[in-house]
Protein chains: 2
Amino acid sequence: MPDSAIRPRKEFGKTIAADITHRLREEIIACALAPGEPLRFDVLRERFGASFTTLREALTALAAEGLVDAQEQRGFRVAPVSRQDLIEVTDARVLVEVELIRRSIQRGDDDWEIAVISTLHRLKRIEQRDPEHPLRDPEWKIAHRQFHQALVSACGSATLLAIRAELFDRAERYRHLSANFRPRPRDKAGEHQAIMQAAISRNADLAVQLIEAHIRSTADNVATYAAHLLDTE
Amino acid sequence: MPDSAIRPRKEFGKTIAADITHRLREEIIACALAPGEPLRFDVLRERFGASFTTLREALTALAAEGLVDAQEQRGFRVAPVSRQDLIEVTDARVLVEVELIRRSIQRGDDDWEIAVISTLHRLKRIEQRDPEHPLRDPEWKIAHRQFHQALVSACGSATLLAIRAELFDRAERYRHLSANFRPRPRDKAGEHQAIMQAAISRNADLAVQLIEAHIRSTADNVATYAAHLLDTE
DNA sequence: CCAGACCTAATTTTCGAAAATCATACCGTT
DNA sequence: AACGGTATGATTTTCGAAAATTAGGTCTGG
């Protein structure tokens, strides 16, 4: 990855504000910025090399996504975590994801099947290469995200996909939170494989059941291994 | 604190940006700013009396809510409307609202019942007073919003309530869109009464059925009377 | 010693100028 | 006339100084 000195001021054709929103989002999801941590402008200014107002715009956008907590006249902080919030995010994810899987299975065409199969294939490849700590591998994170994205991509509702994406981000932050304390990842590969097969064979009820179990067991895992981070709030 | 003779620039304790976000949201929902209309800074600056960056922050927040469309490097515009978007918003609302009604009916306590009954009462009072064009009456709009809010308020999930609120706003904009062309409002009072009774008597299945019909028939109404505004996009 | 008013420093929030980018009209060439 | 490049004006985007607000510490009176 390019050094920050070499890195262009902003990504392809986009505004600096949008770029910083993206970078901040990644850092918050990865818990490089800890939950509840104050986001002071001096610090951010130095870290991201942007002005007050540009940073403010990025923080406002992330506040609307639920990753940042805006305290009027008292600045911003990384959205705190809690057991209650984890439960809410999990339940909301199940509600939305189940609906989108059903729609995608009903509406998905050949391209959808190909996307599901190929994104799973890539995910498994990466897991074979280094089965240790998947969440620490940026490539695994991207591949994992793309597989789940592909599963629901044929649902036909940009509105619900946007909501799903926000909930996915918030859930991923909790996964990172517990990643450092989890002794060994469970058998996600097998779960993903089963979900893919249920989806491709158009077995909606089975796919829905597997997805719900997948989401809930991940959340349970977080609740167990990050318990000490969730109760002190 | 300078007690200026002029009216206060903002609501007490809030930032100007938050205040402008609120005012812009109201105007977009009410279609005082037409769908698709470009939001140029000179114009907004004069209308809202704020600087570029403050306005930019407000527009960014509204973009995250789906009421404004940010076109990188080419400014902002009011989010366009379309038949497809109306369908998506309606379906998403049904999905979320049905879930929240179920939870509220299961969990609601005495205070919840009181809130449902009293907000409906107020709504009916306002309708009696002036049964003509409810959407043009700010008081009716607030009362209507508060009744529906009360119905789901006991669901126990701030996360889902926030998602619901965004979808409600987007749907309300469509209602305003058709309000000018609808010959006569249908019998909403009766529908609200029936929903309240089903909720209070803890008949979840009936309440869900009524809510879904309520949402869908409203959307159908919009699709009919605002057809000429939805197809040209 | 405590409560509360006051002052100062730290921090956020807002502003308008300046830089960057986009849209359009103009011009010369094929 | 069609095309492509370029200058020009319009508009957005970014910046850092300045204003506004909060946080924290000090002093005073009871």
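Here are the numbers for the structure shown:
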| read-out | value |
| --- | --- |
| In region B:182-230, the residues that are in a loop (DSSP other than H, G, I, E, B) and surrounded by fewer than 16 Cβ atoms within 10 Å (Cβ to Cβ) | B:PRO183, B:ARG184, B:PRO185, B:ARG186, B:ASP187, B:SER201, B:ARG202, B:ASN203 |
| Selection from region A:145-179 of residues that are of a type outside the set (Gly, Ala, Ser), in a helix (DSSP H, G or I) and more than 14 Å from the chain's Cα centre (by Cα) | A:LEU151, A:VAL152, A:THR159, A:LEU160 |
| Residue in region A:117-139 that is over 19 Å from the mean Cα position of the chain (by Cα), open to solvent by 20 Å² or more (accessible area, probe 1.4 Å) and of a type in the set (S, T, N, Q) present | yes |
| Unique residue being free of Cβ contacts under 8 Å to residues at least 60 places away in the same chain, more than 14 Å from DNA strand C (Cβ to nearest atom) and more than 30 Å from B:LEU160 (Cα to Cα) when the list is A:ASP91, A:ASP110, A:ASP42 | A:ASP110 |
| Sole exception among (1) outside any helix (DSSP H, G or I); (2) open to solvent by 80 Å² or more (accessible area, probe 1.4 Å) for B:ILE142, by number | (1) |
| Options A:ALA198, A:ALA150, A:ALA194, A:ALA158: the member that is at pLDDT 95 or above and more than 30 Å from B:GLN84 (Cβ to Cβ) | A:ALA194 |
| Residues of region B:70-83 satisfying the condition of being over 17 Å from the mean Cα position of the chain (by Cα), among the aliphatic types (A, V, I, L, M) and away from every other protein chain (no Cβ under 11 Å) | none |
| Filter result (open to solvent by 30 Å² or more (accessible area, probe 1.4 Å), outside any loop (DSSP other than H, G, I, E, B) and over 18 Å from A:LYS14 (Cβ atoms)) within region B:66-83 | B:ARG83 |
| Answer from A:ILE28, A:ILE87 - the residue that is closer than 24 Å to A:ASN221 by Cα, more than 13 Å from DNA strand D (Cβ to nearest atom) and not assigned by TED's automatic domain parsing to the domain that holds A:ARG175 | A:ILE28 |
| Count of residues meeting criterion [of a type in the set (Ser, Thr, Tyr) and away from chain A (no Cβ under 14 Å)] in region B:150-200 | 2 |
| Where A:GLU65 falls short, out of the listed (1) over 29 Å from A:ASP220 (Cα atoms); (2) of a type in the set (Asp, Glu); (3) modelled with pLDDT of 95 or more | (1) |
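Table: residues versus (1) within 11 Å of DNA strand C (Cβ to nearest atom); (2) touching a residue at least 24 places away in the same chain (Cβ under 8 Å); (3) closer than 22 Å to B:PHE168 by Cα.
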position: B:PHE52; (1), (2), (3): yes, no, no
position: B:LEU55; (1), (2), (3): yes, yes, no
position: B:VAL96; (1), (2), (3): no, yes, yes
position: B:LEU100; (1), (2), (3): no, yes, yes
position: B:ARG103; (1), (2), (3): no, yes, yes
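Here's the yes/no breakdown for (1) surrounded by fewer than 22 Cβ atoms within 10 Å (Cβ to Cβ); (2) within 13 Å of chain B (Cβ to nearest Cβ); (3) assigned to a helix (DSSP H, G or I):
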position	(1), (2), (3)
A:ALA34	yes, no, no
A:VAL43	yes, no, yes
A:THR53	yes, yes, yes
A:ASP85	yes, yes, yes
A:GLU97	no, yes, yes
A:ILE105	no, no, yes
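The values are calculated or read from the model by the stated rules, or taken from the named source; none is laboratory data. What you are looking at is a predicted structure, and each value in this text was computed from that prediction instead of being measured. Neighbour counts run over all protein chains shown; Cβ positions are idealised from the backbone, glycine included. All accessible areas refer to the heavy atoms of the entire protein, side chains included, with ligands and DNA or RNA removed. Shrake-Rupley method; radii C 1.70, N 1.55, O 1.52, S 1.80 Å.
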